[in-house]
Amino acid sequence: MEAPLEEKVEKRFQGVPVAQGIAHLPALVYYTEDEEILSREISEEELSGEFVRFESALISTRVELLEIQRRIVTAIGAEDASIFDAHLLVVEDRTLIDEVLRGLERDRLNVEYVFQQVVQKYCQTLESIEDPYLRERVIDIQDVARRVIRNLLGKAPLYPAAHAQPHIVVAHNLSPSDTAQFDRSLVQGFVTEIGSKTSHTAILARSLEIPAIVGMQGITLQIRIGDDILIDGYTGLLIVNPSRETLV
């Protein structure tokens, strides 16, 4: 005699609603991993090559961002695409660029390591500021920095992972470019552990009409890929294994 199937218990979690709508689909737990950058000493002869690599990575990143911005203009209009003006400013920021170049000459270490150190210092400074808007811009800087580093390493641009079937993304965090690149026919909602209503990611979610909840700490540890979940972008409620009574 076969053992009875284990009954799936309904679980409820509360977060902050940032984009209205209801979605009931399997979950895709999405992880973003930063590249591990090791320091490497460079010689005097290698120095000019590091300058060239850095300039090339900045140009490539700018091209990627302009393409994302173009797609957003086509999808939802120029106003929301202007979010990526802040991203473009990062790759054109002379203060940041000059600090990386000075660090290269001073420390004689590979440019991706120097760049990462400079970006981390910038982010730590912004995170210490009282203004929540400025603190949230850290996500934008980190988003751009990941792209620059991948270009320095000669790796292809990152694209959000996706299932071939419609799903809801569950992640620690999502960058604006992650959100902008979602296939709207497949990603029909998302939940993140951090974030706020004023973040660029939340603004894009509302414009793209993707139901979204943020501020759900620890949710990536509570949900597995393929779990049946329902999200309510009006109230911020997430339900895992919703019962028949709940769905009525």
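Do we find that LEU65 is under 24 Å from ARG137 (Cα atoms), open to solvent by less than 40 Å² (accessible area, probe 1.4 Å), in a helix (DSSP H, G or I) and without any contact (Cβ under 8 Å) to a residue 40 or more places away in the chain in this structure? Judged against the criteria, LEU65 is not a match. Here is the figure for the range 104-116: residues that are surrounded by fewer than 17 Cβ atoms within 10 Å (Cβ to Cβ) and at negative phi total 3. One residue stands out among those in the range 119-137 that are surrounded by fewer than 19 Cβ atoms within 10 Å (Cβ to Cβ) and among the aliphatic types (A, V, I, L, M): the one that is modelled with the highest pLDDT, which is LEU126.
Take THR179 and tell me if it is of a type outside the set (Lys, Arg), open to solvent by 10 Å² or more (accessible area, probe 1.4 Å) and farther than 30 Å from PHE51 by Cβ. Here the answer is no, as THR179 does not meet what is asked.
Exactly one residue out of GLU105, GLU92, GLU50 is acidic (Asp, Glu), in contact with a helix residue (DSSP H, G or I) (Cβ under 8 Å, 6 or more places away or on another chain) and over 22 Å from LYS155 (Cα atoms): that is GLU105.
The values are calculated or read from the model by the stated rules, or taken from the named source; none is laboratory data. Just so you know, these numbers come straight off a predicted model, no measurement behind them. Note that each Cβ is placed from the backbone with ideal geometry, even for glycine, and that neighbours are counted across all protein chains shown. Ligands, DNA and RNA are stripped out before the accessible areas are found, and what is left, the full protein with its side chains, is counted by its heavy atoms. Shrake-Rupley method; radii C 1.70, N 1.55, O 1.52, S 1.80 Å.
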